[in-house]
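Encoded as structure tokens, the structure appears first; notes follow it.
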Amino acid sequence: LSPMQSDPGVYEQTLTLELSALQPELRVLIVDDDPDARDYLVAVVQEAGYQTAVASSGEEALQLLATEFCPIMITDRNMPGMDGVTLCKRAREGHYPGYLYIFLLTAQNASADIVSGLKAGADDYLGKNNISAPELVARLGNARRIVSLEQALRRALDQKRQMANTDALTGAYSRRYL
């Protein structure tokens with residue numbers, strides 16, 4: 001807090017603006033074949049301040065991830081064609097510009113179903129029958145934190161790589177680069 005900023009509120013507002021500038025809006029991909037469930041999830045996610053993209057099938061979701069990467073995906077487990085477990089496996093095989101945090105959403109809450117979903121690559125498992133909007137928003141906050149940490153780690157590694165390969169004073173490539 002500088003002497004010019006004697007009001008702590010100004011400092012807090014400035015800090016909040018700087019932190020929000022570091023975290024761009026995250027897009028959440030919502031994958032569900034049921035239009036009503038998809039619309040509900042879109043409404044909750046957008047109300048929480050996230051941008052959304054939607055897909056009605058696993059194939060469509062993979063195409064969207066390849067063209068317009070969304071770092072968070074909420075997918076239904078039971079869908080015709082490619083189910084959510086297969087989508088998780090296929091999404092984990094993809095090469096994306098960042099980490100993909102996957103929520104598997106289903107009415108199947110048996111322990112074996114949860115384990116198979118997590119083994120397929122899901123980061124979190126949500127029961128479709130008992131998920132509340134506040135709980136979903138809180139879990140999205142956890143996903144955002146993990147994705148933001150991964151993005152910060154990537155930036156730091158890129159910066160370290162750049163520093164290792166160039167001279168800090170001149171910017172010329174170092175012998176390590178050669």
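The values are calculated or read from the model by the stated rules, or taken from the named source; none is laboratory data. Please read all numbers here as calculations on a predicted model, not as lab measurements. Please note: Cβ atoms are built from the backbone with ideal geometry, for glycine as well, and neighbour counts cover all protein chains shown. Areas reflect the complete protein model, heavy atoms only, side chains present, ligands, DNA and RNA absent. Shrake-Rupley method; radii C 1.70, N 1.55, O 1.52, S 1.80 Å.
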For ALA43: the one exception among (1) small (Gly, Ala, Ser); (2) surrounded by fewer than 22 Cβ atoms within 10 Å (Cβ to Cβ); (3) in a helix (DSSP H, G or I); (4) in contact (Cβ under 8 Å) with a residue 12 or more places away in the chain
(4)
Please verify whether THR166 is polar (S, T, N, Q) and touching a strand residue (DSSP E or B) at 6+ places or on another chain (Cβ under 8 Å), treating the condition exactly as stated.
yes
Can you name the residue in segment 124-161 that is of a type in the set (S, T, N, Q) and surrounded by 11 or more Cβ atoms within 10 Å (Cβ to Cβ) and, of all such residues, is modelled with the highest pLDDT?
ASN142
May I ask you to verify whether ALA53 is under 21 Å from LEU140 (Cα atoms) and at pLDDT 95 or above?
yes
State which residue pairs qualify: first residue more than 19 Å from GLY141 (Cα to Cα) and inside segment 111-129, second residue of a type in the set (Phe, Trp, Tyr) in any location, beta carbons under 7 Å apart, and separation of 6 or more residues or different chains.
ILE114/TYR125; GLY117/TYR125; LEU118/TYR125
Regarding segment 5-12, can at least one residue be identified that is of a type in the set (Gly, Ala, Ser), open to solvent by 80 Å² or more (accessible area, probe 1.4 Å), farther than 28 Å from VAL115 by Cβ and modelled with pLDDT under 90?
yes
